[in-house]
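The values are calculated or read from the model by the stated rules, or taken from the named source; none is laboratory data. The model shown is predicted, which means the values in this text are computed figures rather than measured ones. Methodologically, a virtual Cβ is constructed for each residue, glycine included, from the backbone with ideal geometry; neighbour enumeration extends over all protein chains shown. All accessible areas refer to the heavy atoms of the entire protein, side chains included, with ligands and DNA or RNA removed. Shrake-Rupley method; radii C 1.70, N 1.55, O 1.52, S 1.80 Å.
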Amino acid sequence: MKLLFVCTANQLRSPTAAAVFADEHETLSAGLSPFSPFPVNQGAVDWADKVFCFEDKQFKKLKKKFGVRATNLGVSDDYERHDPELVRLLKEKVPQFLD
């Protein structure tokens, strides 16, 4: 399964999520900011089987810009990259949407 994780800056949450699930799935991470290392684009959205975001504002922007209904994981921007608590939350939340 191809998973796209999108946060605002593509610095902390989405790269962490992509790394966590990379052993079992094809993953990409992207950001909604044009200044992110990999700004989300239509090609990435089309590539993905599932698109995940982390906050309501990201959910709304993805819907408006790309017409995609992302899964909002509800994980706030309170964690550093690869923070053990962030990894735990991702492992708890994401698998329920991978059926």
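Here are a few things to note about the model shown:
- Pairs of lysine residues in the chain - Cα separation under 18 Å, sequence separation of 8 or more or cross-chain: 11
- From the alpha carbon centroid of region 41-93 to that of region 5-30 is 8 Å.
- Principal semi-axes of the equivalent ellipsoid, √(5λ) from the alpha carbon gyration tensor of the chain, are 18, 15, 13 Å from largest down.
- Apolar share of the accessible surface for region 8-97: 50 percent from carbon plus sulfur atoms, 1.4 Å probe.
- Of the whole protein surface, Leu32 contributes about 40 Å² of accessible area at a 1.4 Å probe radius.
- Accessible surface, 1.4 Å probe, highest first, among residues Glu55, Glu80: Glu80, Glu55
- Counted charge near Asp77, where neighbours are those whose Cβ lies closer than 10 Å (Asp, Glu -1; Lys, Arg +1): -1
- Ordered from highest to lowest accessible area with the whole protein assembly present and a 1.4 Å probe, Arg13, Arg81 read as Arg81, Arg13.
- Other residues with beta-carbon under 14 Å from the beta-carbon of Ala48 carry, at +1 per Lys or Arg and -1 per Asp or Glu, a net charge of 0.
- Heavy-atom surface of region 9-80, accessible at 1.4 Å and reported per residue (Å²): 55 Å²
- Cβ-based charge dipole, the chain, positive-most Cα from His25, Pro84, Phe59: Phe59
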